[in-house]
Every structure is written in C-alpha cells, then in structure tokens.
Amino acid sequence: NARRRPPVDPAWLKVPQAADPVVQRTMPVVQGGPTPGVNFAGMAFTGPRPPDPIGDVGPNHYVQMVNTNIAIFNRTGTLLAGPVAISSVWAGFPAPCSTQNLGDPVVVYDRAADRWIVSQFHQIPNGICVAVSQTPKPVSGGWFLYDFTGLSSFPDYFKIGVWPSAYFIGANATNNRAIALNRTAMLAGAPTTAIIRTTAGVGLHTMLMPADLDGPNLPPANAPGIFY
C-alpha cells in the first residue's frame, strides 16, 4: 500500500528563517604554513616498519632517531655524529640496551636544564634504558647511563615528558602505565630508582601520555606532573 506524505504545515513556512551563524557560506582562503627557517635532510629510513622517526631541537643541536639509529646535527643541518646504532650510546654498559636495538626510540630536550635525554626499551627482562647528557653538548659532553628494569609488561611505544620534579613516562602496556624517574638525581648522574604505578580502567592502546615542558616558563612551584 502506498503511503501519503503528510502535508507541509503552511504555518511553518511563514516563520522567517535566520541564517545559521556557523555555516561557512564562502570559499576559504588557503594559506601556507610558516616558512621553515632551516630545512635539511635527516636520516634515511632503515627498513623496520614503522620507522618511528622522532627528534628534538635545542639551542645548538638537533638530535634525531629513526628506527634503530641516532644522529646529531647542528642547527644548520651539518651532521656532527652518526648515524649509528642507538645501542652505541650504551656501549660497554651492563644492560640489554648495549646490544639490543628494538625501535620506538625517544629523544627529548630538557630546556630548563639544557640537557638531552635519549632512550629505548628492551626485552628479557622488560625495561627502559635512559641516557642523560652530562652537558649541553650531546656529541662530546658524555652521558649518564641508566637501565630501569623490573617492569612486569613490555613498555611498548613509551613516551617521556620533562617536568621540573621528574621525568615522567607513559607506555602502551598492560600495566606499568605511569613511571616517574628522579630528574634531579639523573642530571647529577646519581643512582636512582623508578616509581612505577599501574592505573585501573585504562585498556590496551589507550596509553597515558605525560605532559612535556617545552616553553621558557616553568609551571607553578610543586605543580604535579600531568598524564592525559
């Protein structure tokens, strides 16, 4: 059986309709992004997929990690060191990171301390190796080397956030969700341990991301580190 369309209410047609203020009625103006001050080629893709490229910039250096390699450039793109295997940073150090190169590398610049942090994870046992530059010079200044083990699950796709009170780590893991490293001790090359917390109600592939301090202004005194 055919159905009749209900008649349009003529009263509705008589109500004046105002223009929707949020509807775009003209073509947008297309503008390019800011022109880079410096543009140079970094390291090449080395085979493993995904390549996990990551880098950070400081006053005089750009440190880049791709796949399992690390390279250091100056601000104009001149290659100063590398590319070499990330494990070479921990050469001779009694930790799996001196021989393992598993990818998912992390590099961050600690602007408040003018230091560099490079890191990679390892397996058997599960852990995260962290290197903190002893000076602002990542090529020649030396590194303080650490290996944080005792993780009950693999810290996949971990990320590091710089905060005045600690270096905070979030990982895509079944636990070991939030990790805090003693920033003060590590900047001095002193022995330290990690504080590890497992958060409830956060499923796999919904990792907690630590906030990272990049600008010149510090957060309020004693402000807690933020995971989101």
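The values are calculated or read from the model by the stated rules, or taken from the named source; none is laboratory data. This is a predicted model, so every value here is computed, not measured. Cβ placement follows ideal geometry from the backbone for every residue including glycine, while neighbour counts extend to all protein chains displayed. Heavy atoms of the whole protein, side chains included, go into the accessibility calculation; ligands, DNA and RNA do not. Shrake-Rupley method; radii C 1.70, N 1.55, O 1.52, S 1.80 Å.
From the Cα gyration tensor of region 92-172, with a ≥ b ≥ c the square roots of its eigenvalues, which class applies: rounded if a/c is under 1.5, or else prolate if a/b is larger than b/c, or else oblate? The shape class here is oblate. For F148, the residues 5 or more places off, or on other chains, whose built amide H falls under 5 Å of its own are I128, C129, V130. For the chain, adding -39500 (n - 2.57) for each run of n ≥ 4 DSSP H residues and dividing by the number of residues yields -500 deg cm²/dmol at 222 nm. The local environment of G225, defined by Cβ-Cβ distances under 12 Å, has a net charge of +1 under the rule Lys, Arg +1 and Asp, Glu -1. What does the C-alpha gyration tensor say about the overall shape of region 103-228? Classify as rounded when a/c is under 1.5, otherwise prolate if a/b is larger than b/c, or oblate. It comes out oblate by the Cα gyration axes.
Surface analysis of the chain yields an accessible area of 59 Å² per residue, using protein heavy atoms and a 1.4 Å probe.
Loop sites here are trypsin sites (Lys or Arg not before Pro) outside DSSP states H, G, I, E and B with no more than 15 other Cβ atoms within 10 Å. The longest part of the chain free of them is 76-228. Peptides 129-140, 41-52, 89-100 ranked from most to least packed by the mean count of surrounding Cβ atoms within 10 Å: 129-140, 89-100, 41-52. Rolling a 1.4 Å probe over the protein heavy atoms of the chain, with every protein chain left in place, gives an accessible area that is 57 percent carbon and sulfur.
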